[in-house]
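One structure below.
The values are calculated or read from the model by the stated rules, or taken from the named source; none is laboratory data. On a predicted model such as this, the values are computed, not experimentally measured, just so you know. Reconstructed Cβ throughout: ideal geometry from the backbone, glycine too, with neighbour counts over all protein chains shown. Protein only, heavy atoms only, side chains kept; ligands, DNA and RNA dropped before computing areas. Shrake-Rupley method; radii C 1.70, N 1.55, O 1.52, S 1.80 Å.
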Amino acid sequence: MKTRLFNPGPTNVSEDVRDAIKTHDICHREKEFFEVLSRVNKNIIMVLNGEGTHSAVLFVSSGTGCNEAICASIHGKVLVINNGKYSDRICDILEAYKIPVNLLSVPPLEPIDLSLVEKALEEDKDITHIYLIHHETTTGVLAPLRKIGELAKNYGKLLCVDTVSGLGGHEFDLKKDNIAFCAVSANKCLESFPGVSFVLGRTDEIKKLEGKSRSFYFDIYAQWKKEQGGETPFTPAVQLIFALDRALQEFVEEGSERRIERYQGLAKQMRKGLKELGFELILLPDEMQSNILTAIKMPEKMDYWEVHDKLKERGITIYSGKGVLDQRRFRVATLGHISDKDVDWFLQNLREVMEEVGLLEKK
Ligand SMILES: Cc1ncc(COP(=O)(O)O)c(C=O)c1O
């Protein structure tokens, strides 16, 4: 049966990525594994314009592990720009490590007011780092990354970014955005499987972290140092790294700009189709609008789980609203290895399900 995920990650992968997992049994201490890991690290940095300035450090974890690796290495005070569930989680991690925080709370569906960011930086001289969620996945709100990167540069602060769902689907440039550290996972817009994630960081800043991490496993410097020397400190997820290698080759071939354009096209097609089916969408101003996620108000008579389950029987996964997008919202994501034909197929199935449950008159 054809299956497609329309949830915001884990996502659909290409058949080549799926096949890449079926490599022969291989030990991670072998040169041939290390060549793959090196290519993975090199390609992610190249495609995000970090050559010569940034390094990739790969961890066997989900995206949260990489946010934790970044937090555990911070000695200073962090300005957290908080506009949703994932920045709440950053605060929780910082609290677990007893790292001081200056919290800038932003209402979830509103723009980040840069003058307030600047004010916090002016007033609190103890701030050393800024933590930002690039794309808040619960709401689909995109942050003004480049502008915050400029502020970080002007005020001499280190910008740490959770771009777990942003990177790949939205503009992101390690140099131009003044990224000091960021957390990236394989299973969203990088179009690979869950289980491996990266910290991408400025090499000069990584070098300063020797002996600084409060975490044993998520020690950015220790992991980087080993990877530089052709090793990994622990047993990595070998097969997942083979799959990621293939996915990153596809990313390099497609190019960052074209991937963004593809995702924008899919989101546009999805939104048009949903409106034609009579759905009311929660749209945001262009500069805040997600390229991968569409939040939808549920029609009064709609039973989310009934629609979800009927779509699931047809091979389609959708996602409920969370946090501010409560039970009367649901979300569809258009990311991963999908095409306009998949979106048409989704819309056709949704129409049929809506007819089945009496939300639409039969054509
Ligand atoms: C913006 C953002 N940050 C962090 C995470 C957590 O990632 P993981 O579940 O891979 O740990 C997610 C997951 O969806 C996310 O969307």
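Would you check which residues across region 256-284 are of a type in the set (G, A, S) and open to solvent by 20 Å² or more (accessible area, probe 1.4 Å) and list them? Walk me through it before giving the result.
Taking region 256-284 and keeping what is of a type in the set (G, A, S), we get 256, 265, 267, 273, 278.
Listed by number, the residues that qualify are S256, G265, G278.
Only one residue in V196, V238 is β-branched (V, I, T), modelled with pLDDT of 95 or more and surrounded by fewer than 24 Cβ atoms within 10 Å (Cβ to Cβ). Which one?
Values: V196 fails: surrounded by fewer than 24 Cβ atoms within 10 Å (Cβ to Cβ).
Result of the check over V196, V238: V238.
Of the conditions (1) open to solvent by less than 30 Å² (accessible area, probe 1.4 Å); (2) touching a helix residue (DSSP H, G or I) at 6+ places or on another chain (Cβ under 7 Å), V106 fails just one. Which one is it?
(2)
So, in region 260-284, how many residues would count as being more than 19 Å from A143 (Cα to Cα) and either in a helix (DSSP H, G or I) or polar (S, T, N, Q) (or both)?
Of the residues in that region, 12 qualify.
Considering only region 187-206, state which residues are at negative phi and either part of a loop (DSSP other than H, G, I, E, B) or not assigned by TED's automatic domain parsing to the domain that holds I220 (or both).
First, pick out the residues of region 187-206 that are at negative phi: 187-190, 192-194, 196-206.
Matches in region 187-206: N187, K188, C189, L190, S192, F193, P194, V196.
Quick one: in region 9-67, which of the residues that are among the hydroxyl-bearing types (S, T, Y) and assigned to a helix (DSSP H, G or I) is farthest from the chain's Cα centre (by Cα)?
Ranking the qualifying residues of region 9-67, first place goes to S38.
So R18 passes all but one of these: (1) within 16 Å of the ligand (Cβ to nearest atom); (2) in contact (Cβ under 8 Å) with a residue 60 or more places away in the chain; (3) open to solvent by 20 Å² or more (accessible area, probe 1.4 Å). Which condition number does it fail?
All conditions pass for R18, except number (1).
Among the candidates F251, F198, which residue alone is touching a helix residue (DSSP H, G or I) at 6+ places or on another chain (Cβ under 9 Å) and within 16 Å of the ligand (Cβ to nearest atom)? Steps first, answer last, please.
Working: F251 fails: within 16 Å of the ligand (Cβ to nearest atom).
The match here is F198.
Output the residues belonging to region 143-169 that are in a loop (DSSP other than H, G, I, E, B), closer than 22 Å to V47 by Cα and open to solvent by 20 Å² or more (accessible area, probe 1.4 Å). Walk me through it before giving the result.
Of all residues in region 143-169, those in a loop (DSSP other than H, G, I, E, B) come to 143-144, 156-157, 163-166, 168-169.
From what's left, closer than 22 Å to V47 by Cα: 143-144, 163-166, 168-169.
Result: P144, V164.
Just the residues that are assigned to a helix (DSSP H, G or I), in contact (Cβ under 8 Å) with a residue 24 or more places away in the chain and surrounded by fewer than 15 Cβ atoms within 10 Å (Cβ to Cβ), please, taken from region 285-322. Talk me through it step by step, then tell me what you get.
Taking region 285-322 and keeping what is assigned to a helix (DSSP H, G or I), we get 286-288, 304-313.
Filter again for in contact (Cβ under 8 Å) with a residue 24 or more places away in the chain, leaving 287-288, 304, 306-307, 310-311.
Hits for region 285-322 are E287, E306.
So which residues in region 109-142 are open to solvent by 70 Å² or more (accessible area, probe 1.4 Å), acidic (D, E) and either in contact with a strand residue (DSSP E or B) (Cβ under 7 Å, 6 or more places away or on another chain) or within 15 Å of the ligand (Cβ to nearest atom) (or both), if there are any at all?
Selection gives D126 alone.
Considering every residue within region 61-83, establish whether at least one is under 30 Å from V332 (Cβ atoms) and either surrounded by fewer than 16 Cβ atoms within 10 Å (Cβ to Cβ) or of a type in the set (F, W, Y) (or both).
No, region 61-83 contains no residue that is under 30 Å from V332 (Cβ atoms) and either surrounded by fewer than 16 Cβ atoms within 10 Å (Cβ to Cβ) or of a type in the set (F, W, Y) (or both).
Mind counting the residues in region 155-181 that are free of Cβ contacts under 8 Å to residues at least 24 places away in the same chain and within 12 Å of the ligand (Cβ to nearest atom)? Quick ask: steps written out before the conclusion?
Kept after step one, since they are free of Cβ contacts under 8 Å to residues at least 24 places away in the same chain, are these residues of region 155-181: 156.
Right, trim to within 12 Å of the ligand (Cβ to nearest atom) and you get none.
The qualifying residues number 0.
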